[in-house]
Structure formats: C-alpha cells, structure tokens
Amino acid sequence: MDPAPASTSPADVIAKPSRTHRLKLLAVCIMFLGFGVYCIYDGFLKYPADNAKALADRMVNLPHSDLDILLNRSLGVVLPIAGVALLIRMFIRSRGQYRLAGDTVYVPGHPPIRLSSIIRIDKRRWDRKGIAQIAYQLGGQPEKTFMLDDFYYERTPTDQIMAQIEAYAKGDQPPPADKPAAAPAPAPVAAPAPKSPAPRLATPQARPSAPLTRPSATPASPPRPAAPKPPK
C-alpha cells in the first residue's frame, strides 16, 4: 500500500495518471487481443479446414502452407498474452499519483521522500522520453531510486515537481508552499540629515538718530523790567 500524506494542501503539486496515455495503451491491448483471437481462428480452425477441403477435392496446391498455419497459431498464443501483460504493466506503472507536499515527495511504491534526502538526479532520458531517475537515501538505509515519468502521468504537474526538485538541489528553492514564507525584513531607513540653519539676511544698520528736542510753541521773550517804586 502506497503511503499518502495525511492532509492535502491547495498548494500541493499533484500529478495523476494520464488518461490519454491509458486510453492509447488500452486501445493497443484490445488490438492485440483482437488480432490474437483472429490468428487463433485462422491457425487452428480455418486454415486446416481449407487444406482438408482442398485435399478432399484432390487439389495439388493447398491454399495455406504449413508455415502460414504455424505462424497464425504462434501469433494466436503470443498476442493475447502480450496484450494482457501490457495492460497489467500499464496499471502498475500508472497507479497512484505523484505528489509534492512542501518539501516531501510522495511516489507510488516508495516511502515519503524529503527533498534533502535526494542524492542524485539522472535526466539522460528526460528530454527524449520524459523519464528521470532520482536516487535517495533515508537515514543510513541503502540507496534507492524512484522514477518520474511524464508519459504515464500528467505532464504539466510532473514537470513542475521535477523543476522544484532541481531547484532545491541547486539551492535556490523557495520555502515550502505549506509553510508561510517569512515576511522580508524592512529596509533600514536612513536618519534624516540635520537641516542646516538658513542663512540670515544681513539687515542694514539703523543710522543713529539725533536726540529729538521738542520745539517750544512760542519764542521766549526777554524779561520785562521791573516797575519803579513810588517815592515815599
């Protein structure tokens, strides 16, 4: 039984089996089974009956050679087996789903794998076939390998999971999506420079004013002489 995360976050990247690929393989399996049944009918029933009829009619050339009969009998046995085997392999290869939850990858047939436990990524077949072999090691256990295949599983989310695994390996992976990213520290604000006092405008010096004297209303008159005293 494949492990699965206890809860699902909207930020998880999930790649389900590709429905288009399954339909294509199912069509191939049906074709194999159909051709197999047809070959069984020809090799075991129709061709021998045609040859028997030709012998009964004393025909020199038989309509079907022994090689034709042997070939159809062989294909009648091989094709149905190949069709069933292909069908079983398809469901085994595309069972479950890929999931990247935070910094943990969930792959069918493997325990939960932390991105920090991945030790090697092999992408030699990625560009041509969409297959990547990823080696990991958990807690001193023997090295194991899981595969990402964007042919058996949905291509877009599978490619997203692969891109995040590579980004983590390169050291430029952002914080996991299920954990809130820390808010960036505010940039230090430089203290405002002290304002220099505005230069004072030189004011003209007031001229010293002469002491003000209050002019008299009328000019001073000379003193009047005293009247002479009468004689005694």
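The values are calculated or read from the model by the stated rules, or taken from the named source; none is laboratory data. Here the structure is a predicted model, which means the values were calculated and not measured. No Cβ is skipped: glycine too gets one built from the backbone with ideal geometry, and neighbour counts run over all protein chains shown.
Do the conditions hold for L25, that is, is it crowded, with 17+ Cβ neighbours inside 10 Å and modelled with pLDDT under 95?
On the way: crowded, with 17+ Cβ neighbours inside 10 Å: yes; modelled with pLDDT under 95: yes.
Yes; evaluated as a whole, the condition is true for this residue.
Scan the range 50-80 for residues that are assigned to a helix (DSSP H, G or I) and either loosely packed, with under 12 Cβ neighbours inside 10 Å or touching a Lys or Arg at 6+ places or on another chain (Cβ under 7 Å) (or both) and jot them down. The answer is A52, L55, A56, D66, L67. Can you confirm whether F44 is buried (at least 17 other Cβ atoms within 10 Å of the Cβ) and either assigned to a helix (DSSP H, G or I) or at pLDDT below 95 (or both)? Criteria not met by F44.
Return the residues of the range 15-39 that are assigned to a helix (DSSP H, G or I) and touching a Pro at 6+ places or on another chain (Cβ under 8 Å); say none if nothing qualifies.
Result: F32, L33, G36, V37.
Determine whether the range 112-119 contains at least one residue that is buried (at least 16 other Cβ atoms within 10 Å of the Cβ), in the same structural domain as F146 (by TED's automatic domain parsing) and more than 21 Å from D150 (Cβ to Cβ). The answer is yes; a qualifying residue exists.
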